[in-house]
Amino acid sequence: MDMIKHFFPQKDERVLIKHGIEKPYLLYLGALDQRKGLDVIINVIDLMNNKDYQIVLAGKIQSNFEKTLFDKVHSNPNVIITGFVSDYDRRVLMSMAEFFCSHLIMKVLDCLY
């Protein structure tokens, strides 16, 4: 029965508080890696004038994540970089996100522009 619980959405406000999430958010989950097309989400951040949402980048920061992109993201108060998250936090973040963005989606979008 415990294994089945693993697949159900989990909501836990404590996880949001722990990571500094205070508003509805778009979640990117995966390594912060230059090869993942994160430049696309950076462009979304630049275009996003709506202060009612946050963007949460959850994942381990890789060594090839360009310093310029990191600085650009890190200086925006509506962007939260969590670093690596536990399995439990990952399930909660995915369950409570308003929007989800994966590197595969961003690669497709990047090809369209």
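Among residues of the range 16-29 that are farther than 15 Å from Gly59 by Cα, those with a Cβ under 9 angstrom from a residue that is surrounded by fewer than 20 Cβ atoms within 10 Å (Cβ to Cβ) and among the aromatic types (Phe, Trp, Tyr), sequence gap 6+ or separate chain, pair up as Lys23/Tyr53; Pro24/Tyr53; Pro24/Phe99; Tyr25/Tyr53; Tyr25/Phe99. Filter the range 41-54 down to the residues that are at pLDDT below 75 and within 13 Å of the chain's Cα centre (by Cα), then identify the one that is nearest to Cys101 (Cα to Cα). Across the range 41-54, the extreme among qualifying residues is Ile41.
The residues of the range 73-89 that are closer than 13 Å to Lys18 by Cβ and assigned to a helix (DSSP H, G or I), listed by number, are Tyr88, Asp89.
Every residue, every condition in (1) closer than 16 Å to Leu93 by Cβ; (2) under 13 Å from the mean Cα position of the chain (by Cα); (3) modelled with pLDDT of 70 or more, yes or no:
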residue: Leu32; (1), (2), (3): yes, yes, yes
residue: Asp39; (1), (2), (3): no, no, no
residue: Val56; (1), (2), (3): yes, yes, yes
residue: Ile61; (1), (2), (3): no, yes, yes
residue: Asn64; (1), (2), (3): no, no, no
residue: Lys67; (1), (2), (3): no, no, no
residue: Asp71; (1), (2), (3): no, no, yes
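The values are calculated or read from the model by the stated rules, or taken from the named source; none is laboratory data. This one's a predicted model, so the numbers in the text were calculated from it and none came from an experiment. Cβ atoms come from the backbone with ideal geometry, glycine included; neighbour counts cover every protein chain shown.
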